[in-house]
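Colleague: One structure, pasted below without further comment.
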Number of protein chains: 2
Amino acid sequence: MSDTTHKRWVQHSNAVLRAAGLRASAGRTAVVELLSRQSCLLTAQEIADRLREEGSAGSTATVYRALETLHELGLLRRFDAEGVARYEPVDPSGDHHHHIVLEETGDVVPFDDAELERAIAGIGQRLGLIVTSHDIILRGRLIDDPPESD
Amino acid sequence: MSDTTHKRWVQHSNAVLRAAGLRASAGRTAVVELLSRQSCLLTAQEIADRLREEGSAGSTATVYRALETLHELGLLRRFDAEGVARYEPVDPSGDHHHHIVLEETGDVVPFDDAELERAIAGIGQRLGLIVTSHDIILRGRLIDDPPESD
DNA sequence: GTTATTGCAAACAATTTGCATATAA
DNA sequence: TTATATGCAAATTGTTTGCAATAAC
């Protein structure tokens, strides 16, 4: 996400929160701020740690509560993997990406692919249902990397 | 999966386990048996409960250990969602399906879609990497269902 | 016999919750 | 003011592990 997109997401989030009757409180605001700077997956712990590092408020409980609220309001996307949840901002313009986990390193790399989106868009009709969201995680490696040999 | 496929998976699993130097022990065998009958996602707890119901061996620890082993050997697929892991057999013929979570009920329905598979198959080349596996979860509702209104 | 496997209970890790206090509106 | 938000600590939930007893091969 571009710098402008970050700001737009913060504003959008604030608007949605206000509209839901919630307040611009310190803890939640700090979480929104932090997430807006980070375009890709963060865990609750990582968020809590960083907030504490930079001196912002943010107890574990507050971070978890903020993430739950933001997720419910559709402002965050959530991924569950290996027993931990990770979150990232949802671009209000509708843009989104997916993730591929590199098997060598465990790194998570965002990607997007028009062909894939097209296929997903058609699934609803083919199966007779309304698809409201989708999560896709690929696993693989860079083409140059040697295959695993442990 | 058909009845025959179930049996094939059990046999395949047993072969792989033996090849890995592991024994045909009671607990793990019961887990394999149970999973072969259930083609779709089960949690460790569900497995442990069912085993106990039907009188088979199966402490929590054994179930978790069996699932870990089977997953490592590529015999199971694992999905993380809402803080719980779910497992299902991997069809040795390479067939696989994906899942859609119905938002009304939480039910998980398996589906597969050739178009989607085709898109995924092409992603590797388009992005310059080797995709070794993929997990896809859709969320949505049946076309007749009324949209949520809470 | 030797080595893998089991079950129990204790240990863990991620997340949630109760409650009294602080704070935005 | 008054309802929302916070922080702490305790409680839950899902999963892992140490260890002595047991079962496969």
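The values are calculated or read from the model by the stated rules, or taken from the named source; none is laboratory data. Just so it is clear, the model here is predicted, and its values are computed rather than measured. Every residue, glycine among them, receives a Cβ derived from its backbone with ideal geometry; neighbour counts consider all protein chains shown. Side chains included, ligands, DNA and RNA excluded: accessible areas come from the protein's heavy atoms. Shrake-Rupley method; radii C 1.70, N 1.55, O 1.52, S 1.80 Å.
Colleague: Are any of the residues in the stretch A:50-67 aromatic (Phe, Trp, Tyr) and under 30 Å from B:Arg77 (Cα atoms)?
Modeller: Yes, that holds for at least one residue.
Colleague: Can you spot a residue in the stretch B:90-103 that is closer than 25 Å to B:Gln11 by Cα, facing chain A (nearest Cβ under 7 Å) and open to solvent by less than 60 Å² (accessible area, probe 1.4 Å)?
Modeller: So far as the stretch B:90-103 goes, no, none of its residues is closer than 25 Å to B:Gln11 by Cα, facing chain A (nearest Cβ under 7 Å) and open to solvent by less than 60 Å² (accessible area, probe 1.4 Å).
Colleague: Give me the pairs, please: first residue somewhere in the stretch A:1-23 and more than 14 Å from chain B (Cβ to nearest Cβ), second residue anywhere and among the small types (Gly, Ala, Ser) and within 12 Å of DNA strand C (Cβ to nearest atom), beta-carbon distance under 9 Å, and either six or more positions apart or on two chains.
Modeller: Every condition considered, the pairs that remain are A:Asn14/A:Ala24; A:Leu17/A:Ala24; A:Arg18/A:Ala24.
Colleague: So, in the stretch A:37-46, how many residues would count as being within 12 Å of the chain's Cα centre (by Cα) and within 15 Å of DNA strand C (Cβ to nearest atom)?
Modeller: Summing the residues that are within 12 Å of the chain's Cα centre (by Cα) and within 15 Å of DNA strand C (Cβ to nearest atom) in the stretch A:37-46 gives 4.
Colleague: If you take the residues of the stretch A:104-113 that are more than 9 Å from chain B (Cβ to nearest Cβ) and either free of Cβ contacts under 8 Å to residues at least 40 places away in the same chain or over 19 Å from the mean Cα position of the chain (by Cα) (or both), which of them is least open to solvent (accessible area, probe 1.4 Å)?
Modeller: A:Gly106
Colleague: Can I ask one more? Determine whether the stretch B:58-65 contains at least one residue that is in contact (Cβ under 8 Å) with a residue 60 or more places away in the chain, farther than 26 Å from A:Tyr64 by Cβ, among the small types (Gly, Ala, Ser) and surrounded by fewer than 17 Cβ atoms within 10 Å (Cβ to Cβ).
Modeller: No, the stretch B:58-65 has no match at all.
Colleague: Being more than 9 Å from DNA strand C (Cβ to nearest atom) and open to solvent by less than 20 Å² (accessible area, probe 1.4 Å) narrows it down to one residue among B:Leu34, B:Leu17; which is it?
Modeller: After applying the criteria, what remains is B:Leu34.
Colleague: Scan the stretch A:75-124 for residues that are farther than 24 Å from B:Arg78 by Cα and β-branched (Val, Ile, Thr) and report the count.
Modeller: Going through the stretch A:75-124 one residue at a time, the tally reaches 1.
Colleague: While we're here: Mind telling me which of the residues A:Ala121, A:Ala81 ends up being out of contact with any Pro (no Cβ under 7 Å at 6 or more places or on another chain) and more than 9 Å from chain B (Cβ to nearest Cβ)?
Modeller: A:Ala121
Colleague: Can I ask one more? For the structure I just gave you, tell me whether A:Ala24 is within 19 Å of A:Ile137 (Cα to Cα) and within 15 Å of DNA strand C (Cβ to nearest atom).
Modeller: no
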